[in-house]
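Since the structure comes first, as structure tokens, the remarks are kept for the end.
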Amino acid sequence: MSKAGAGQLRVVQVSDCHLFASTEGKLLGLNTQFSLDRVLELVRAEQTHMDLILATGDLSQDASLEAYTRLDDALSEFGVPTYWIEGNHDKPAPMFEALRDHKAAMGPCVIERGAWTIIMLDSTIPGEVPGELYDDDIEFLDRSLRNAAGAHIMVCLHHHPIPMGCKWLDTQVVASADRFFEVIDRHDRVRAVIWGHVHQEYNGERNGVKLYSVPSTCVQFKPFSEDFAVDKIPPGYRWFDLYPDGRIETTVSRVQGIEFEVDMSVKGY
């Protein structure tokens, strides 16, 4: 993969690692540390240059300090700033503890890099699976959009703000999605909204704003399923090139040549 050109921003997104305190921990029969390691090997092979990493939630399945510390150690090896946001399986206290004195930072936050501003939101409801943006979150988004230094803006959250076409998964859409998009619509510098949580790839557009989801680094969910269903395709990550003129190029890359064992009979996670 070629090195990012002058002026553009290369962003790598990883999500939904579901790591455990033990490196032997499994989600739906899949060893999540093994699958993450294979994805990061792919990142290392493909990304000869990157500017930052976005880790978009559900980074640990058991919210353990051990899992977050291993993830921080692994991502720190890339030598670029890394930004984390909380998912519904995460807990902020051990995340903050793992990131203490490290390059990684926790959202909600605003990242200013050249022509681009990236706004990281917390879409979690403590103790619950579905997503929500509360009044404070909406105000943070609106204020951050108004004050953004960049000519172009990307907004990042864990939960999906639009339906994915999976009946079971779409009960977890951000409950305040209408308010979220009312704010987005008022700011014409927004170029993209990205998220994790759904364990599948999505590419779309709404009112000229690009919409993207990312595969999990472990188990994949089957698109357009009525009930909980696991897909057979391998784990992966997404990378973006953000250009000074507002253009976006993005690709999902998946691990190839390795058989990942997943228990297809499990009906939840």
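No lab work stands behind these numbers, since they all come straight from the coordinates. On a predicted model such as this, the values are computed, not experimentally measured, just so you know. Please note: Cβ atoms are built from the backbone with ideal geometry, for glycine as well, and neighbour counts cover all protein chains shown.
Which residues does the label zone of residue 227 cover in region 15-43, counting backbone N under 18 Å from a point 7 Å along Cα→Cβ?
28
Straight-line reach from residue 210: which aspartates and glutamates have a Cα under 12 Å away, not including same-chain ones fewer than 8 places off?
Those aspartates and glutamates meeting the cut-off are 249.
Before anything else, pin down the relative contact order of the chain: Cα pairs under 8 Å, at least 6 apart, normalised by residue count, whole percent. Write out the running numbers ahead of the final one.
Values: 637 pairs, mean separation 56.5, N = 269.
Result for the chain is 21 percent.
Once each part is reduced to its C-alpha centroid, what is the distance from region 18-53 to region 173-235 in angstrom?
Rounded to whole Å, the Cα centres lie 21 Å apart.
How far is it, in nm, from the label point at residue 168 to the one at residue 189 when both lie 7 Å from their Cα along the line to the Cβ?
Going by the 7 Å Cα→Cβ label model, 4.2 nm.
Residue 24 to residue 93: extension gain in nm, 0.36 nm per residue of separation minus the Cα-Cα distance?
Details: separation 69, 0.36 × 69 = 24.84 nm, distance 2.33 nm.
Value of the extension gain: 22.5 nm.
Just for the Cα atoms in region 9-254, what are the lengths along the principal axes, largest first, rounded to whole Å?
For region 9-254, the Cα extents along the three principal axes come out at 47, 41, 32 Å.
What share of the DSSP beta bridges in the chain is antiparallel, in percent to the nearest 5?
Details: 27 of 51 bridges.
For the chain, the DSSP antiparallel bridge percentage is about 55.
Taking 0.36 nm per residue of sequence separation and subtracting the Cα-Cα distance, how much length would be gained by fully extending the chain between residue 134 and residue 46, in nm to one decimal?
Values: separation 88, 0.36 × 88 = 31.68 nm, distance 3.80 nm.
This chain segment gains 27.9 nm when fully extended.
Springs between alpha-carbon pairs under 10 angstrom, Gaussian network model over the chain: which of 148, 93, 177 fluctuates most?
Checking each option, the largest mean-square fluctuation is seen for 93.
Obtain the nm distance between the two label points defined at residue 247 and residue 101 by a simple spin-label model: each point lies 7 Å from its Cα along the Cα-to-C-beta direction.
With each label placed 7 Å out from Cα toward Cβ, I get 4.5 nm.
Per DSSP helix of 4 or more residues, -39500 (n - 2.57); summed, then divided by the residues of the chain. What does that give at 222 nm, rounded to the nearest 500? The partial results should precede the final answer.
Working: 5 runs with 57 residues, N = 269.
Taken over the chain, the calculation gives -6500 deg cm²/dmol.
Provide the packing ranking of 96-102, 133-139, i.e. peptides ordered by the mean count of other C-beta atoms within 10 Å per residue, highest first. It would help to have the intermediate numbers written out before the result.
Values: 96-102: 13.0, 133-139: 15.1.
Answer by packing, highest mean first, reads 133-139, 96-102.
Based on the Kirkwood radius over alpha-carbon pairs, what is the Stokes-Einstein translational diffusion coefficient of region 1-143 at 4 °C with 1.567 mPa s viscosity, in µm²/s?
Details: Rh = 16.0 Å.
Calculated translational D: 81 µm²/s.
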